[in-house]
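A short worksheet on the structure shown next.
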Amino acid sequence: MRYELFTRVALKTDLPQHGLRSGDVATVVEHHPGRPGQEPGYSLEVFNAVGETVAVVTVRESQVEPLTPREVLHVRLLAETAR
């Protein structure tokens, strides 16, 4: 699935090196089409609860999923490694 720029998505996998967990919400800031035979990807910006950037990460398309109307956002403490 191709996501438009500035679309909010959820991580499907943990990114422990950035203190991020599956289910964390991020914003698509760049699309990476990938080379032939390579999975496309995205650069994502992750914000804390007050809107400050806590990470900019690059992930494969299979590592994100769309948000749905049946989901509720949740607040959690950010892991120390992400600061």
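Just to be sure before I move on: is Leu67 out of contact with any helix residue (DSSP H, G or I) (no Cβ under 8 Å at 6 or more places or on another chain) and more than 20 Å from Tyr3 (Cα to Cα) in the structure I sent?
no
Of everything in the stretch 1-45, what is on the phi < 0 side of the Ramachandran plot and among the aromatic types (Phe, Trp, Tyr)? Give them in sequence order.
Across the stretch 1-45, the qualifying residues are Tyr3, Tyr42.
Please find, among Val75, Val28, the residue that is aliphatic (A, V, I, L, M) and either in contact with a Ser or Thr (Cβ under 9 Å, 6 or more places away or on another chain) or at pLDDT 95 or above (or both).
When all the criteria are applied, what remains is Val28.
The values are calculated or read from the model by the stated rules, or taken from the named source; none is laboratory data. What you are looking at is a predicted structure, and each value in this text was computed from that prediction instead of being measured. FYI the Cβ positions are ideal-geometry reconstructions off the backbone, even for glycines, and counts take in every protein chain you see.
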